[in-house]
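The values are calculated or read from the model by the stated rules, or taken from the named source; none is laboratory data. On a predicted model such as this, the values are computed, not experimentally measured, just so you know. Here the Cβ positions follow ideal geometry from the backbone for every residue, glycine too, while neighbour counts run over all protein chains shown.
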């Protein structure tokens, strides 16, 4: 049977593709299992410097499998929600930069998967939404938590409580999406951006991401303290010395992640 999640590594960038196009890449137990395995590989592989998650065909992920969810009871619903939320939190906590390349529908669990990435790049035909209330449920893979944090509480409530689906241009306007590209250029643009990111000192990129993630939910004084400690730790790295010496010597830095 064909895999529902495909992982490929090229030039230190891992691309994970949800591969269930006949179901618009809807998340079922098989997809979640294979995605868990793929993320485990990313966590272990030190040669991977960035991650792109995308979908095959004309959809990113058009939600979770409704047929499978329709027979769940309270306990089953709780376990399913916890499983997806734990997986998406693992993606969010990856030390490397992550981008969701949204090539079509990103609805329900698909929008939540995209939100677990650092950034969202979309093609012009992409659509986003949390339509769960129309099915008699709440978002279950942390959408009620991440969407308001990304776009603001009022806008988050507007989208979640209405179940409204929005196009890529509106998603960019409200800060859900970083960039919108043509259908044909999306992946190329994602790779181009990630190549710029990973050309920088890996330790500095990792610490910068950590400072943002750890500082965003604390008060400004504690956030500054987090930044200061990570800033100081950079000066124990070979990359810091290489980066500054290269600048002073007017040459390209050669970072080795040490």
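Annotations
- Of all residues in the range 163-184, those that are free of Cβ contacts under 8 Å to residues at least 24 places away in the same chain and more than 21 Å from residue 213 (Cα to Cα) total 3.
- Taking every residue in the range 100-122 that is in the same structural domain as residue 207 (by TED's automatic domain parsing) and within 18 Å of residue 184 (Cβ to Cβ) and pairing it with any residue that is at pLDDT below 95 and surrounded by fewer than 24 Cβ atoms within 10 Å (Cβ to Cβ), at least 6 positions away or on another chain, yields no pair with a Cβ-Cβ distance below 7 Å.
- Boolean, residue 53 is assigned to a strand (DSSP E or B) and touching a residue at least 24 places away in the same chain (Cβ under 8 Å): yes
- Check on residue 141, in contact with a helix residue (DSSP H, G or I) (Cβ under 9 Å, 6 or more places away or on another chain), buried (at least 24 other Cβ atoms within 10 Å of the Cβ) and in a loop (DSSP other than H, G, I, E, B): yes
- Candidate set from the range 110-128 (those that are surrounded by fewer than 24 Cβ atoms within 10 Å (Cβ to Cβ) and assigned to a strand (DSSP E or B)); member that is nearest to the chain's Cα centre (by Cα): 119
- Screening 17, 33 for residues that are under 21 Å from residue 126 (Cβ atoms), out of contact with any helix residue (DSSP H, G or I) (no Cβ under 7 Å at 6 or more places or on another chain) and not in a loop (DSSP other than H, G, I, E, B) leaves exactly one candidate, 17.
- Residue in the range 154-162 that is part of a helix (DSSP H, G or I) and in contact with a strand residue (DSSP E or B) (Cβ under 7 Å, 6 or more places away or on another chain) present: yes
- Some residue of the range 198-216 being touching a strand residue (DSSP E or B) at 6+ places or on another chain (Cβ under 6 Å), within 25 Å of residue 92 (Cα to Cα) and touching a residue at least 12 places away in the same chain (Cβ under 8 Å): yes
- In the range 241-258, the qualifying residues are those that are touching a helix residue (DSSP H, G or I) at 6+ places or on another chain (Cβ under 6 Å) and under 12 Å from residue 200 (Cβ atoms), and the one that is modelled with the highest pLDDT is 255.
- Scope the range 165-183; condition exposed (fewer than 15 other Cβ atoms within 10 Å of the Cβ) and over 11 Å from residue 126 (Cβ atoms); matching residues: 173, 175, 182
- Residue match in the range 175-188 (condition: part of a helix (DSSP H, G or I) and more than 18 Å from residue 14 (Cα to Cα)): no
- Selection count, the range 207-224, where residues are in a helix (DSSP H, G or I), within 25 Å of residue 117 (Cα to Cα) and over 23 Å from the mean Cα position of the chain (by Cα): 3
- Filtered by the rule that a residue be within 19 Å of residue 55 (Cα to Cα) and either out of contact with any strand residue (DSSP E or B) (no Cβ under 9 Å at 6 or more places or on another chain) or without any contact (Cβ under 8 Å) to a residue 60 or more places away in the chain (or both), the range 127-142 gives 127, 128, 129, 130.
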